[in-house]
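Let me begin by presenting the structure, written as structure tokens, before commenting on it.
Here, each number is a calculation from the coordinates, and none is a lab measurement. Treat the numbers as computed from the prediction; the structure is a model and nothing was measured. A quick note on method: Cβ atoms are made from the backbone with ideal geometry, for glycine too, and the neighbour counts reach across all protein chains shown.
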Amino acid sequence: MKIVKRYSVMFGKKRENECLLKPYILYRTGISMSDAAQIIKKNIFTDDQRRTVEEIVRCGEDFVECYRKWLSFRNFEDCLNELAIKESRKNWNYRGFCEVCETESQFLVDYEYADYRDGIGTVPNWRERLVCPSCWCNNRMRFLIGKVKREFRTGMKVCLYESDTPVYVRLKEWLPDIRVIGNSEANDENVDLLISNDLLGKSIDYRGAFKDANRRLNKSGKLIFYVPFNANSQKTIEGENCVYGWDLLQTLKECGFSDAYGVAYFGINEGYLGYLQLYFEAIK
Ligand SMILES: [Zn+2]
């Protein structure tokens with residue numbers, strides 16, 4: 001998919017008409033990185049395209065199809081990064097809607113936990129940054145909290161595997177009845193929505209952990225989770241730092257879930273960057 005609109009970004013100094021992502025973007029003088037990002041996103045994407053997209057993926061081929069279909073998002077990220085490199089910016093702000101604070105925010109982008117990509121250079125760790133300065137949640141945390149808010153229906157019992165992260169703190173503010181698995185005071189069975197933020201899958205006995213998660217859910221309950229995942233790999237690399245492959249979905253079924261799938265997502269408006277992220281859902 002190509003970026004088809006030609007437009008100018010007023011940005012930087014003495015760099016009149018320098019091309020970015022040739023030949024689509026021209027690079028000019030004068031405005032902040034945050035404003036430049038706004039101009040880019042409003043010129044490349046329509047209102048509809050800026051809304052968060054999610055798509056179920058069940059295998060590597062599904063993922064590749066999704067990856068190709070949404071390539072303009074990847075171009076968008078590269079363009080932002082290219083601007084930041086040209087300006088030698090150590091940090092900058094990305095304007096977006098925070099689903100945790102339920103208001104517009106200025107997410108912090110910097111190079112903590114940065115990645116390196118051949119041909120581009122240092123790339124922000126979009127997944128772990130884009131931190132909201134009001135709730136202190138990063139991209140991944142904001143998405144997960146937003147997901148719970150969208151899934152939640154009155155009367156649902158929601159449980160989390162952790163109590164020492166901003167995800168728990170912010171969800172507890174929004175949903176005081178939320179419970180933590182392993183807390184002896186909590187009745188942590190018959191759960192409607194069970195949430196794990198990178199923790200559950202780190203267990204060495206991850207099959208045991210998935211079976212236990214299944215046992216805690218009620219009849220139509222759902223487990224929503226992140227795990228370290230390699231979308232290019234069919235097979236899970238087991239060990240202390242387990243990295244899952246697509247056989248994860250079959251493993252979940254063997255652990256008692258009736259269905260399990262990955263969900264690829266990206267969101268311009270909410271700052272859910274990091275091409276291309278996946279979370280997982282397993283249905284009892
Ligand atoms: Zn926030």
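Overview of values
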{"quantity": "Dipole magnitude (debye, nearest 20) for the stretch 144-283, charges at Cβ of Lys, Arg, Asp, Glu", "calculated": "380"}
{"quantity": "Partner aspartates and glutamates for Lys86 [C-alpha distance under 19 Å; skip if fewer than 8 residues away on the same chain]", "calculated": "Glu16, Glu18, Asp35, Glu77, Asp78, Asp110, Glu112, Asp115, Asp118"}
{"quantity": "Candidates Gly119, Gly239, Gly262, ranked by Gaussian network fluctuation over the chain, Cα under 10 Å, top entry", "calculated": "Gly119"}
{"quantity": "Separation of the Asn218 and Ser203 label points, Cα + 7 Å toward Cβ, nm", "calculated": "2.2"}
{"quantity": "Ranked list, fewest to most other Cβ atoms within 10 Å of each Cβ, for Ser163, Ser105", "calculated": "Ser163, Ser105"}
{"quantity": "Sequence-distant residues sharing a close amide H with Ser233 (under 5 Å, placed H)", "calculated": "Trp246"}
{"quantity": "Neighbour-count order for Ile178, Ile56, Ile39, fewest beta carbons within 10 angstrom listed first", "calculated": "Ile56, Ile39, Ile178"}
{"quantity": "Rounded, prolate or oblate (a/c below 1.5 giving rounded, otherwise prolate when a/b exceeds b/c) for the stretch 144-283 by Cα gyration tensor", "calculated": "oblate"}
{"quantity": "Across Lys147/Lys202; Lys253/Lys284; Lys147/Lys219; Lys157/Lys222; Lys42/Lys147; Lys147/Lys172, pairs whose alpha-carbon gap is larger than 19 Å", "calculated": "Lys147/Lys202; Lys147/Lys219; Lys42/Lys147"}
{"quantity": "Check: the stretch 65-147 dipole with +1 on Lys, Arg Cβ and -1 on Asp, Glu Cβ, in debye", "calculated": "120"}
{"quantity": "Residue (of Phe63, Asn81, Leu108) at the positive-pole extreme of the stretch 61-116, dipole from beta-carbon charges", "calculated": "Asn81"}
{"quantity": "Mean ellipticity per residue at 222 nm, deg cm²/dmol - from DSSP H runs of n ≥ 4 across the chain, formula -39500 (n - 2.57)", "calculated": "-8500 deg cm²/dmol"}
{"quantity": "Kirkwood Rh, angstrom, the chain [1 / mean 1/r, Cα pairs]", "calculated": "20.2"}
{"quantity": "Charge dipole magnitude, Cβ of K and R +1, D and E -1 - the chain, Cα centre, debye nearest 20", "calculated": "900"}
{"quantity": "Cut-off 13 Å (backbone N to label point 7 Å along Cα→Cβ of Asp115), residues of the stretch 253-282", "calculated": "273-278"}
